Amino acid sequence: MSIENAGVFPKIIAHAKEYGFVFPSSEIYDGLQAVYDYGQNGVELKNNLKQLWWKTMTQIHENIVGIDAAIFMHPSTWVASGHVASFNDPMIDNKDSKKRYRVDHLIEGYADQLAAEGKADKAQAVLDEMNRLLAAEDFAGLHRFITDEGIKCPISGTANWTEVRQFNLMFSTQIGSVADEANTIYLRPETAQGIFVNFLNVQKTGRMKIPFGIAQIGKAFRNEIVARQFIFRMREFEQMEMQFFVRPGTEMEWYNFWKEMRMKWHKALGIPESKLKYHDHEKLAHYANAALDIEFQFPFGFKEIEGIHSRTDFDLRNHQELSKKKQQYFDNEINQNYIPYVVETSVGADRIFLMHLCNAYTEEVTGEGENRKERTFLKLHPAIAPVKAAIFPLTKKDGLPEKAEQIYKALKTDFRVVYEEKDSIGKRYTRQDLIGTPFCIAVDHQTLEDDTVTIRDRDTAAQRRVPIAALRDEIGHAVSFARVFEKL
Ligand code: ATP
């Protein structure tokens with residue numbers, strides 16, 4: 001990670017707030033740690049990403065349907081899923097700074113530091129040993145390893161550590177009026193279980209044939225200990241998950257299919273290949289027989305944006321055992337009843353929002369001397385940009401505002417467009433650049449004569465003259481989801 005790269009992240013966070021993308025939650029009370037609100041532009045960007053994902057899943061794949069399950073679920077759900085017993089992260093506290101760390105994050109940070117010092121072999125050995133100890137759930141061993149390696153707290157600079165302890169990440173609350181143990185329920189830590197418990201409802205009512213998928217977008221909650229990196233890791237966030245039910249034995253084929261497909265999706269939205277990579281899991285979660293992450297190069301390094309997991313029949317089998325309701329499918333092609341295997345794609349709406357913000361943030365310098373110009377703009381893919389076009393009359397007189405308003409009214413039924421007449425045209429261009437509006441349309445005196453306007457491209461700042469009658473097609477082509485889908 002270069003210094004310039006790391007240094008840009010605070011600018012991106014400031015930009016997100018300044019231009020109505022992301023605000024700290026309840027900011028007037030100094031905010032709530034790891035909780036954020038989306039502003040007027042942020043919500044549009046996020047909704048566009050969610051819609052694109054939703055349509056890709058449920059419209060482009062004819063064998064995937066969507067659901068919207070409740071956040072609250074029967075408490076047994078989380079026993080069956082394994083979250084009550086093992087949704088724990090091993091944590092360690094530094095006694096001097098009183099800071100709590102996830103053990104894997106602390107050790108990974110140390111390994112990164114070794115790698116940066118050119119000790120790649122040692123860094124790998126550290127990660128291997130960490131993975132071995134984590135897989136064995138050897139907490140005393142992890143504590144010894146941290147102490148023996150002399151890993152220090154980045155805040156206090158000391159190696160004065162507590163024991164390693166487990167910490168359950170689920171939020172709980174009470175349902176009903178009596179606050180006893182039996183009424184404890186959880187805020188779901190993942191959306192997937194809402195899909196599993198509805199597997200048979202959807203399969204039967206939709207007459208779905210395996211292989212088929214169920215997709216869902218919704219809030220998930222995790223009491224993350226280490227709230228870091230803005231909206232990268234939040235306590236309340238949104239997941240977009242799809243469970244693909246397959247015949248046992250075919251899961252690796254589908255795992256590879258979804259691995260490719262999801263990578264293509266991120267690229268189709270303009271994320272460069274060089275900033276994306278796969279990361280195979282070495283330590284598999286309790287439910288998986290294969291798992292990988294798709295990682296994006298954030299300013300703070302390559303980090304997970306999406307997980308692809310082959311979950312076997314773990315979830316459905318456990319739900320069957322605990323609920324005593326059969327979770328089986330009759331496959332008439334092979335004349336057999338079985339519990340399907342599942343391949344899951346799980347992506348965070350907020351994580352990919354942050355990815356697109358980081359990827360789009362551009363500081364540009366053009367010209368030299370007197371002609372030197374600095375410009376900051378968001379190079380968002382037009383399909384996800386919050387505003388698709390802005391319409392400006394060049395001046396506030398001679399009938400230009402009326403003409404521009406006509407264009408605005410004609411376009412607003414198809415696209416999210418804005419009309420602006422305040423300030424110089426240069427300032428208006430700048431305001432749109434800062435929120436990533438792909439097109440600015442200016443109405444000038446020539447417009448009154450020949451019904452043409454200038455259209456300015458955000459990325460090149462170049463202007464072209466086009467007939468008003470061509471605007472709908474021009475904008476429609478650039479922002480259409482179809483162009484993203486064609487690349488899949
Ligand atoms: P991490 O290792 O980063 O904690 P995870 O492996 O626990 O993530 P999954 O359980 O696989 O994550 O969740 C799937 C996706 O949900 C992640 O790829 C990420 O995009 C998103 N996600 C998970 N936790 C958070 C969070 N606390 N804040 C925002 N997004 C999250």
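Just a few scattered comments:
- Computed on region 387-485, with alpha-carbon pairs under 8 angstrom and 6+ residues apart, the relative contact order is 28 percent.
- Set against the 2.2 N^0.38 Å expectation for a compact globular protein, region 288-381 has a Cα radius of gyration ratio of 1.91.
- Cα-Cα separations in region 159-224 greater than 21 Å, expressed as whole percent: 52 percent
- Between region 203-252 and region 267-284, the alpha-carbon center distance in angstrom: 18 Å
- Taking a ≥ b ≥ c as the square roots of the Cα gyration tensor eigenvalues, region 305-347 comes out oblate, since a/c reaches at least 1.5 and a/b does not exceed b/c.
- When the C-alpha to C-alpha distance is required to be over 21 Å, the pairs from 219/275; 95/152; 209/267; 209/326 that qualify are 219/275; 209/267.
- With respect to the chain, whose longest principal axis is taken over its alpha-carbon atoms, helix 103-116 is tilted by about 60°.
- Acute angle (nearest 10 degrees) that the helix 349-360 long axis makes with the longest principal axis of the chain, alpha-carbon atoms: 50 degrees
- Compared with the dominant principal axis of the Cα atoms in the chain, helix 251-268 is inclined by about 30°.
- Between residue 418 and 389, 390, 391, the built amide H atoms are under 5 Å apart, and every one of these is 5 or more places off in sequence or on another chain.
- In order along region 20-26, the Karplus-derived 3J(HN,Hα) couplings, from 6.51 cos²θ - 1.76 cosθ + 1.60 at θ = phi - 60°, round to x, 9, 9, 10, x, 5, 5 Hz, and Gly and Pro are given as x.
- Positive-end ranking of 485, 452, 440 along the dipole of region 387-485, with charges on Cβ about the Cα centre, is headed by 485.
- Additional length obtainable on full extension of the chain from residue 98 to residue 405, 0.36 nm per residue less Cα span: 104.6 nm
- Radius, Kirkwood style, for region 79-194 when every pair of distinct Cα atoms is counted (Å): 16.2 Å
- Set of lysines near residue 403 by C-alpha distance (under 17 Å), chain-local residues within fewer than 8 positions excluded: 412, 422
- Kirkwood hydrodynamic radius over Cα pairs of region 399-488, then Stokes diffusion coefficient at 10 °C and 1.306 mPa s, in µm²/s: 114 µm²/s
- Cβ charges +1 (Lys, Arg) and -1 (Asp, Glu), total dipole of region 222-325, debye: 140 debye
- Across the chain, C-alpha contacts under 8 Å between residues 6 or more apart give a mean separation that, scaled by the residue count, equals a relative contact order of 14 percent.
- Distance between modelled label sites at residue 395 and residue 209, nm, 7 Å Cα→Cβ extension: 6.9 nm
- Karplus-derived HN-Hα couplings along region 146-156 (A = 6.51, B = -1.76, C = 1.60, θ = phi - 60°), whole Hz, x at Gly and Pro: 4, 5, 4, 6, x, 5, 10, 6, x, 8, 7
- ³J(HN,Hα), Karplus 6.51/-1.76/1.60, whole Hz, each residue of region 458-470, x for Gly, Pro: 4, 7, 9, 6, 7, 10, 10, 9, 9, x, 3, 4, 8
- Nonlocal amide H pairs with residue 190, under 5 Å, H built at 1.01 Å: 221
- Considering all different alpha carbon pairs of region 4-67, the Kirkwood hydrodynamic radius works out to 14.0 Å.
- Annotation for region 429-488: trypsin sites (Lys or Arg not before Pro) lying in DSSP loop with at most 11 further Cβ atoms inside 10 Å of their Cβ are 487.
- Contact order for region 120-173, expressed relative to its length and based on alpha carbon pairs under 8 Å spaced 6+ residues apart, stands at 26 percent.
- Amide hydrogen neighbours beyond the local backbone of residue 306, cut-off 5 Å, H modeled: 294
- Low-density loop cleavage sites - GluC sites (Glu not before Pro) in region 287-358, where at most 11 other Cβ are within 10 Å (DSSP): 333
- Sites matching GluC sites (Glu not before Pro) across region 1-107 that sit in DSSP coil, with at most 12 neighbouring C-beta atoms within 10 Å: 62
- Taking the convex hull of Cα positions in the chain, its mean projected area over all directions (nm²): 29.3 nm²
Bear in mind these aren't lab numbers, they're just calculated from the coordinates by the rules spelled out. Predicted model only: the values in this text are computed from it and were never measured. We place every Cβ from the backbone using ideal geometry, glycine too, and count neighbours over all the protein chains shown.
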